1. Kindly establish whether ILE246 is touching a residue at least 40 places away in the same chain (Cβ under 8 Å), over 14 Å from SER187 (Cα atoms) and not in a strand (DSSP E or B).
2. Among the listed residues THR433, THR415, THR422, identify the single one that is closer than 20 Å to ASP358 by Cβ and of a type in the set (Ser, Thr, Tyr).
3. Suppose we filter the range 427-466 for residues that are open to solvent by 50 Å² or more (accessible area, probe 1.4 Å) and assigned to a strand (DSSP E or B); how many remain?
4. Please specify each residue of the range 69-88 satisfying the condition of being out of contact with any Asp or Glu (no Cβ under 9 Å at 6 or more places or on another chain) and touching a residue at least 12 places away in the same chain (Cβ under 8 Å).
5. Taking the criterion of being open to solvent by less than 30 Å² (accessible area, probe 1.4 Å), over 23 Å from the mean Cα position of the chain (by Cα) and not small (Gly, Ala, Ser), would at least one residue in the range 194-209 satisfy it?
6. I need the full set of residues from the range 312-333 which are open to solvent by less than 20 Å² (accessible area, probe 1.4 Å) and either farther than 16 Å from ALA413 by Cα or in contact with a helix residue (DSSP H, G or I) (Cβ under 6 Å, 6 or more places away or on another chain) (or both), in order please.
7. Yes or no: the range 548-562 includes at least one residue that is of a type in the set (Lys, Arg), assigned to a helix (DSSP H, G or I), closer than 21 Å to ASN426 by Cβ and open to solvent by 80 Å² or more (accessible area, probe 1.4 Å).
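The values are calculated or read from the model by the stated rules, or taken from the named source; none is laboratory data. Everything numeric in this text was worked out from a predicted model, so none of it was measured. Cβ: placed from backbone, ideal geometry, glycine included. Neighbour counts: every protein chain shown. The area values use the complete protein model at the heavy-atom level, side chains included, leaving out ligands, DNA and RNA. Shrake-Rupley method; radii C 1.70, N 1.55, O 1.52, S 1.80 Å.
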Amino acid sequence: MNPASPAPPREPGELLLEQGKITAAQLEQARRRQRRLNLPQHRALVDLNFASEEDAWRALAEASHLEFVDPVAMNLKREVLELVPIKVIFHYHLLPLGMEQDCLTIAFSEPPSQMEQGNLRLLLGTRFKIVLATPSAIHAVIKKQFGLGAETIQRLREERGGVELNEEIVFDIQGKEADSALESTVSAFVDQLLQEALRLRATDIHLEPYANSIRLRYRVDGMLETVPVPADMRHLHAAVVSRLKIMAGLNIAEKRLPHDGRIAMKTGDEEYDLRVSIVPTKYGEAVCLRILGRHSLFLDLGQLGMEPNQEAVFSQLVRLPQGLVLLTGPTGSGKTTTLYTALAQANDENRKIITFEDPIEYQLEGTVQIQVREQIGLTFASGLRSVLRHDPDVVLVGEIRDLETAEIAVRAAQTGHLVFSTLHTNDSISAVTRLLEMRIEPYLIASSLVCSIAQRLARRICRHCSEPDPDIPAFIRDEMAAALGIPPAEVSARRGRGCVECNQRGHRGRVAIYEFFLVSQAIADLIQPGLRTGILREAARHLGWRSLREMGWLKVQRGEIPISEQERWTRLIDPAALLTTPGAALGPHPQSI
C-alpha cells in the first residue's frame, strides 16, 4: 500500500473563509482578480478590501507553515539591522530580527523562493530562519531606522565611489553636460516621496530646509507627521527642488521669489493634481505640495458623512432655482469637496454651471471654470460681474472676501441664480452676522440666503483596531446623554488601539461633521442691524437647529470618531476657567490686554 501523499498546500483565502473573516463570494472574486492580474491571493484580498493586511498575511504565514511577527512592536535596534547590508535590506525588502546560535532570523514580506534563499546564504554567509511580516510593518521599520530616501543616498554614494556627501549637490537639466546618474537618482527620490504620500493618503507634503538638515512632513488626516530622512539628504535638497520645479514647468534659475505651479500625476488608474508652492527661506527654498485626487469629485452625498435628514435637505438645495448657499469652516475642513459634490449633483444638460475660484482645485466635466488673477485685475468681484452676463444657472464663487463680492453674490441669488460660496466663520449661524458686519442690507440677506452650513473634518476610528472606550469622563457622559436624549447608562464610545493598517495611529480616513442653519421666514424676520448671534441661535434651536458639537456626539455614539476628535474640533473654552488660573501663568489680565 502506498503511503498517503501529503495534503496540498492551503490557500490563505480558504483559511480566512474558515475563520469567518471573508465570505465565499468574496473569496471567489479574489480568485478572479488573482487570475486576471497574476497576483498572489492574499494581495488580491487586501486590494479588494475584503481582509485587513494583518489578517491576510497571518493566513499566508499559516498556509506557508511560517511564523508571523510584527517587527513594529519589537522596537529593533540599529545594530540588529546592521547584521545585513543595507543594500540587501532594500533589494529583498526584508528585516533582520536577531541572531541566535549562529542562525539569523529574517522577516520577509513574501516567502522567498529557493533561488532567493540560496543567493541570500551566499551574500550573508550564515544560516537564517524565515518568518513573515506585513509589507507595511517592514516598510515602517525601514523608514523609521534609515529614513525615507536612504536607498537613494546609498545609490548615490556607490555612483560616486563610496565617498561621503559633504557639500550641496545641484543638478541643472538645462546644462549641456547634465549628470544623468544624479538626475535619475534625484528623480527616483522624488517618485519615492510622492508614492509614500499616496500610500499614507496624505493631502500635503512639506519639505523644509534648515542649516544642517531638512524636515519632511506629510499632512495625514489633517495632522502633520514628520517622516525621518537621512542626514545626507540635506545636500540633495537643491537638486530635489530643481526636479520639482522642472515637473511643474517653473524657472529653476529663480531662487529669490515665490513660485506656484501644478504637476499632473498618475499612478495606476488614479489621477492626481499636485499644487506646487515654493518660497525662499534663509537656508534654501521650502516646498509645499497639495495633493488633489480627481477621483474624490464623484462622491455620492452618502459618502460625505451627512446625517439622513441633512442629506435630504442638501439634495433639495442643489435643485433650487435660485438662492445663496454658504459653507463655513476653517481651511482644510472639506468645504471644497462638499461644494464640488453639490455641483456634481446639480450638473445636468439643462443647467449651465460656472465656477470662479482661486485657485481651481478640481476639474469638473461639464462646468465652465474660471481662475481668479488679481495681478491683472480679474478679482472675485470683477469676474463675478462678467460671469453673471454669461447666462449661468448655477454659480460657484470660491470665497466671499469683501463687501463688493458679497453684494454681487447676494443680488445674483435674488435674480434667478443658485449661488454657492464659502465664508470664514466659526459656525453656521455666524454667517448672518458676518454678512451684516460686511454692511450687506438686512433685507438682502433675508431674501437671498437659503442655508448656511458649517463643517469640520474629524479623524475616523480605524475599523481594524476599533475597541470600546472604557474611560468616558462623567461630564462627557452627562453631556452626550443630554444631547442625544438617552440615559447616561446607554452612552458609549470607541477608540482606535493602533495597528498595522493605520500605521499605529488609531485613525484612518476622515468624516465630516455638519451643522445646517436654514433661513426660514421666522429667522428672516429677525435679521436686522446689530443682531446678536445668541438671539438667532435661540430662535434656530426652537426650529430644530442642532450645533456642530451635538452632531459630533452622534458620530461618537455610533463609534465613527473618538471623543478626542470631537473635543478637538467642537470643544468650547470656558472663560471662567481662564480667569481662575493664577495670574503668573497668564500674564496680564485678559481684559487689560
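1. Numbers: touching a residue at least 40 places away in the same chain (Cβ under 8 Å): yes; over 14 Å from SER187 (Cα atoms): no; not in a strand (DSSP E or B): yes.
Criteria not met by ILE246.
2. When all the criteria are applied, what remains is THR422.
3. So the first thing to find is which residues in the range 427-466 are open to solvent by 50 Å² or more (accessible area, probe 1.4 Å), and the list is 434, 437, 439, 441, 443, 447, 460, 463-464.
Checking which are assigned to a strand (DSSP E or B) leaves us with 460.
Total satisfying the criteria: 1.
4. At the first step, the residues of the range 69-88 found to be out of contact with any Asp or Glu (no Cβ under 9 Å at 6 or more places or on another chain) are 69, 71-85, 88.
Passing the criteria: VAL69, PRO71, VAL72, MET74, LEU76, ARG78, VAL80, LEU81, LEU83, VAL84, PRO85, VAL88.
5. Scanning the range 194-209 turns up at least one residue that is open to solvent by less than 30 Å² (accessible area, probe 1.4 Å), over 23 Å from the mean Cα position of the chain (by Cα) and not small (Gly, Ala, Ser).
6. In the first step, residues of the range 312-333 are kept if they are open to solvent by less than 20 Å² (accessible area, probe 1.4 Å); the result is 314, 317-318, 323-329, 333.
Scanning the range 312-333 gives PHE314, VAL318, GLY323, LEU324, VAL325, LEU326, LEU327, THR328, GLY329, SER333.
7. We begin by selecting, within the range 548-562, every residue of a type in the set (Lys, Arg); these are 549, 555, 558.
Among the residues that remain, those that are also assigned to a helix (DSSP H, G or I) are: 549, 555.
Filter once more, keeping what is closer than 21 Å to ASN426 by Cβ: 549, 555.
Now drop any that are not open to solvent by 80 Å² or more (accessible area, probe 1.4 Å), which leaves none.
No.
Each row is one residue, and each column tells you yes or no for (1) of a type outside the set (Lys, Arg); (2) modelled with pLDDT of 90 or more; (3) under 30 Å from GLY125 (Cα atoms); (4) in a loop (DSSP other than H, G, I, E, B).
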residue: SER5; (1), (2), (3), (4): yes, no, no, yes
residue: LEU15; (1), (2), (3), (4): yes, yes, no, no
residue: ALA25; (1), (2), (3), (4): yes, yes, no, no
residue: GLN29; (1), (2), (3), (4): yes, yes, no, no
residue: ALA56; (1), (2), (3), (4): yes, yes, no, no
residue: LEU60; (1), (2), (3), (4): yes, yes, yes, no
